[in-house]
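Data block below; observations after.
The values are calculated or read from the model by the stated rules, or taken from the named source; none is laboratory data. All of these numbers come straight from a predicted model, not from anything done at the bench. Positions of Cβ are backbone-derived with ideal geometry, glycine not excepted, and every protein chain shown enters the neighbour counts. What goes into the accessible areas is simple: the full protein's heavy atoms, side chains included, and nothing from ligands, DNA or RNA. Shrake-Rupley method; radii C 1.70, N 1.55, O 1.52, S 1.80 Å.
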Amino acid sequence: HPSTACQFRDYASCCDVIMPDRPDANGFLTSSTTLAALRQIAIRLAWLPMDMMDMRGSGGVAGHAPLPAASRLRRTGALVLASNSGSSVGGSRPPSAAGLSRSRPSSASTPALHQFEQPPTPPSVSRTGRLWNHDSCPSLDPFMGTAINLPGIKKVKAKRVVGREEPIPKCIWSDSVQHLGEDPWPAHAVPLFSFYGGDRPRPTYREEIRFMIKEEKFVNFCIRMRGGGGDRYMGGSVGLVHCPDRTEVLPGQDGQLITILDITVNPDSSVIVHAVGDLPFRVRRAWIPRGLRGVQCAVVDVEQAAHVMDTILETCDGEASLRRFSRLIRVAAPSLADMLAHPSGKFTVFVPSSRALDATFGNASDEDLAADPKVEAMLTSHVIEGKVPCEALYNGRVLTAIDGSALIVTFKTWPRSDARVNDMPIDHMDVMCANGVMHIVSAVNIPTPAPTRRGR
């Protein structure tokens with residue numbers, strides 16, 4: 001065709017083919033040399049489909065539409081492949097004219113064209129939807145029931161720690177929420193130690209126990225807690241539950257909190273857990289986190305069964321080592337005693353021990369000391385308005401007592417060891433009370449005048 005000849009004249013130089021200048025009377029390229037050249041050009045350009053390259057003797061390429069314009073071929077520059085059915089792949093080749101002849105040449109006439117034909121397309125290309133059915137490819141339904149055969153601890157013998165009562169009680173989780181008083185306690189997330197085969201350890205409130213664990217998964221978890229994975233140094237808070245059938249812990253199940261104080265690893269790959277009993281709880285929600293190998297965790301609601309905190313004076317009355325301070329403050333400073341006995345106030349008191357008071361006043365009775373005004377000033381210099389716990393103290397902090405005396409906090413050993421206030425050693429910190437906090441000191445503070453500007 002004239003347009004075809006004009007189109008392929010631009011590519012004659014690259015294909016080394018001489019194109020004719022004019023077609024025959026019917027408008028087609030009838031020369032066999034011209035047809036062969038045209039076929040070679042189309043093959044090199046990888047643009048024409050195979051059925052448009054057929055030669056039918058001297059009949060030329062009759063029955064086919066003219067080739068597209070040259071501008072489209074140059075603009076796209078895409079490699080278009082055609083299947084045996086004439087469908088385009090990728091959408092680069094323009095669709096063929098509908099209703100045209102698609103007859104294939106015989107193998108005798110065009111033996112060299114078979115090497116350029118594409119393999120047959122698979123049936124799935126022309127189909128839509130699934131290539132599988134329920135019979136050949138059955139699906140697996142997820143298990144939505146309660147987890148079973150979870151790891152548990154069996155044959156545990158808890159031994160109570162028998163010995164003298166420690167002067168400083170071990171801190172447990174319920175101590176951290178005692179300051180809330182009558183307000184509801186927050187929910188607590190803890191790992192669960194599940195026991196089966198027998199009953200779990202049942203320590204009483206603040207009772208120290210020891211028990212051995214041999215199950216591998218719980219041993220690994222205890223080692224992680226010993227390495228700092230818990231909420232306490234060398235341990236943390238753990239919930240004890242009893243699951244005789246080794247199933248998943250469900251919401252509403254009861255258990256008990258314990259605080260692990262120390263974990264000892266034995267040579268036989270077992271651990272000895274030293275813990276203190278805490279309050280009972282009820283499971284609100286439980287799950288099995290990844291990475292713990294079946295050890296469960298739960299959000300629990302702790303029952304507020306602990307005793308209500310006493311005021312500062314009531315706490316001193318209950319401790320033998322602090323009883324003289326409460327008696328002396330009642331007889332020597334009654335107004336201060338009323339202030340510390342009121343549950344709505346917030347105070348911080350550096351309470352001197354009875355041994356420190358005996359060393360300062362000797363064998364003098366409380367009635368004799370009440371007549372001395374210096375005793376009232378001395379007792380008042382130990383009281384600070386506001387609640388200042390241990391975590392709010394730092395080296396060099398200056399606190400002002402209610403009489404104006406300066407109390408300077410220091411830590412002799414970095415970072416927070418050997419705490420002192422005005423060079424008085426602090427034996428015990430953070431004794432929480434209903435109306436504040438107490439810090440026990442082993443000396444008596446000497447009142448000093450309030451700091452003033454220089455020159456006044």
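Among the residues making up the range 335-351, a single one is over 45 Å from the mean Cα position of the chain (by Cα) and under 19 Å from Thr448 (Cα atoms): Leu336. Among the criteria (1) open to solvent by less than 30 Å² (accessible area, probe 1.4 Å); (2) under 15 Å from Lys154 (Cα atoms), the one Glu215 does not fulfil is (1). Selection of the range 221-230 for residues being in contact with a strand residue (DSSP E or B) (Cβ under 6 Å, 6 or more places away or on another chain) and either open to solvent by 70 Å² or more (accessible area, probe 1.4 Å) or among the acidic types (Asp, Glu) (or both) yields only Arg226. Here is the figure for the range 236-252: residues that are on the phi < 0 side of the Ramachandran plot and touching a strand residue (DSSP E or B) at 6+ places or on another chain (Cβ under 8 Å) total 11. Considering the conditions (1) β-branched (Val, Ile, Thr); (2) open to solvent by less than 60 Å² (accessible area, probe 1.4 Å); (3) over 23 Å from Leu313 (Cα atoms), Val421 is excluded by exactly one of them, (3). Kindly provide the set of residues from the range 343-355 that are touching a residue at least 40 places away in the same chain (Cβ under 8 Å) and either more than 13 Å from Asp427 (Cα to Cα) or open to solvent by 10 Å² or more (accessible area, probe 1.4 Å) (or both), ordered by number. Those that are touching a residue at least 40 places away in the same chain (Cβ under 8 Å) and either more than 13 Å from Asp427 (Cα to Cα) or open to solvent by 10 Å² or more (accessible area, probe 1.4 Å) (or both): Pro343, Ser344, Gly345, Lys346, Phe347, Thr348, Val349, Ser353, Arg355. Considering only the range 278-321, state which residues are open to solvent by less than 30 Å² (accessible area, probe 1.4 Å) and part of a strand (DSSP E or B). Listed by number, the residues that qualify are Asp278, Leu279, Phe281, Val283, Ala286, Cys297, Ala298, Val299, Val300, Val302. Checking each residue in the range 360-371 for being touching a residue at least 24 places away in the same chain (Cβ under 8 Å) and either under 22 Å from Lys346 (Cβ atoms) or open to solvent by 60 Å² or more (accessible area, probe 1.4 Å) (or both) picks out Thr360, Glu367. Which of the residues that make up the range 182-200 are within 17 Å of Val300 (Cβ to Cβ) and open to solvent by less than 80 Å² (accessible area, probe 1.4 Å)? Once the filter is applied, which keeps residues that are within 17 Å of Val300 (Cβ to Cβ) and open to solvent by less than 80 Å² (accessible area, probe 1.4 Å), the range 182-200 yields Trp185, Pro186, Ala187, His188, Ala189, Val190, Pro191, Leu192, Phe193, Ser194, Phe195, Arg200. Using the structure shown, decide if Pro203 is outside any strand (DSSP E or B), open to solvent by less than 60 Å² (accessible area, probe 1.4 Å) and closer than 23 Å to Ser176 by Cβ. Criteria met by Pro203.
For first residues located in the range 226-243 and more than 19 Å from Gly152 (Cα to Cα), partners that are among the acidic types (Asp, Glu) and lie 6+ apart or on another chain with Cβ distances below 6 Å form the pairs Met234/Asp262. The selection criterion, being surrounded by 13 or more Cβ atoms within 10 Å (Cβ to Cβ) and within 30 Å of Ile148 (Cα to Cα), does not hold for Val331. When each of Phe211, Phe218, Phe193 is tested for being in contact (Cβ under 8 Å) with a residue 24 or more places away in the chain, touching a strand residue (DSSP E or B) at 6+ places or on another chain (Cβ under 9 Å) and part of a helix (DSSP H, G or I), the lone residue that passes is Phe218.
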